[in-house]
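The values are calculated or read from the model by the stated rules, or taken from the named source; none is laboratory data. Since the structure is predicted, the reported quantities are computational estimates derived from the model, not experimental observations. No Cβ is skipped: glycine too gets one built from the backbone with ideal geometry, and neighbour counts run over all protein chains shown.
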Amino acid sequence: MNNDLISVVAIDVGGSSVKSGAVTFDGSVTSLLHTPIDSQASKDDVLHQFVNIIKKHLDKINQDALIGIAFGFPGPFDYMNGVSYIQGQSKYDDLYQVNIRDELKKRLKFKNDIRFCNDAEAAIVGEANFGAGKGFNRVFGITLGTGLGAGFVVNGISIHKGTGIPPNAELFPLTFKGIRADDLFSTRGLLVRFQNLGHSYSAVAEATTDIKHGNTVPIQVFNQFGEDLGRFLRPIAEDFSAEILIVLGGIAGAFTYFRDPLEDHLDIPVVNGNIQNAALLGAATLLFKDHYAFLQGN
């Protein structure tokens, strides 16, 4: 069979909705679905929702071409074994300590592989292979949103240890100026910065709208945010020998307002993500890389 026809059902799990699609080896995404999900439902109900989403794709795929299912899933999560440890985040509480891989295989009677990776990592891997990072060997990516996510990609493959990579390839528990990075470089951290200057917003987009209406105070905040982020990331980027930094996540919508001060503190280009289905493509890469290695006899 033509390798480009090999396919994976890829699923990007969010707190209120699930994005899914059939991804082929050449990077095409078909049968794209956005499905609302009740992530605070019971274990059986949530798993039933996952099963229904997957079945919609399985019904449309040539089973001979399907090599597996791949999830981008928020943490904390044991990605190797497929076990969720999310608790107290107002989502998926009833999946705590549940082996999602085993449950889905049983309910779907599915014999192929089911893989999991961090949702932020999936988006970064997708951009590295098919989007803004394509053509670079060492890609450093971050997601700025409800928290600070990160990914380190070498030759298209996400890695979690090695020179310049923090423990578990995670930035959020590190500190900057004595404050946890996740509390500084996130939506809540940015909103606190605005509030400290007398501007209360419920979302970052409100600040960008204010700028368009002539308010310059949010620009000062974004500048300082970019400077601090650049100082925080510089030693990590240097130790990793990153060739490019890709910025993703909800705050990336305001990228134009903090890109310059961020890039000024780094010696590499800083770019925004540029493909829509990065997380689906990145999750699918979990299976494609092994399939390719098998074909090469590695």
Query raised in the report: Considering only the stretch 80-107, how many residues are touching a residue at least 24 places away in the same chain (Cβ under 8 Å) and assigned to a helix (DSSP H, G or I)?
Result: 7
Query raised in the report: What is the number of the single condition among (1) surrounded by 15 or more Cβ atoms within 10 Å (Cβ to Cβ); (2) out of contact with any Lys or Arg (no Cβ under 9 Å at 6 or more places or on another chain); (3) not assigned by TED's automatic domain parsing to the domain that holds residue 187 that residue 150 does not meet?
Result: (3)
Query - Matching residues in the stretch 12-52 - criterion: being surrounded by 16 or more Cβ atoms within 10 Å (Cβ to Cβ) and charged (D, E, K, R) - result: 12, 19, 43
Report summary line: Counting only residues that are in contact (Cβ under 8 Å) with a residue 12 or more places away in the chain and in a loop (DSSP other than H, G, I, E, B), the stretch 31-79 contains a total of 13
Requested in this report: Residues being of a type in the set (S, T, N, Q), farther than 14 Å from residue 9 by Cβ and surrounded by fewer than 17 Cβ atoms within 10 Å (Cβ to Cβ): count how many of those fall in the stretch 59-94.
Outcome: 4
Query raised in the report: What tally of residues in the stretch 1-45 results from selecting those that are within 22 Å of residue 76 (Cα to Cα) and under 21 Å from the mean Cα position of the chain (by Cα)?
Result: 15
Report summary line: So the helices (runs of 4 or more DSSP H) completely within the stretch 175-252 holding 1 or more residues that are over 25 Å from the mean Cα position of the chain (by Cα) and surrounded by fewer than 16 Cβ atoms within 10 Å (Cβ to Cβ) are 187-196, 204-212, 217-240
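One line per residue, one yes/no per condition, for (1) among the charged types (D, E, K, R); (2) more than 16 Å from residue 145 (Cβ to Cβ):
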{"residue": "185", "(1), (2)": "no, no"}
{"residue": "190", "(1), (2)": "no, no"}
{"residue": "201", "(1), (2)": "no, no"}
{"residue": "218", "(1), (2)": "no, yes"}
{"residue": "224", "(1), (2)": "no, yes"}
{"residue": "231", "(1), (2)": "yes, yes"}
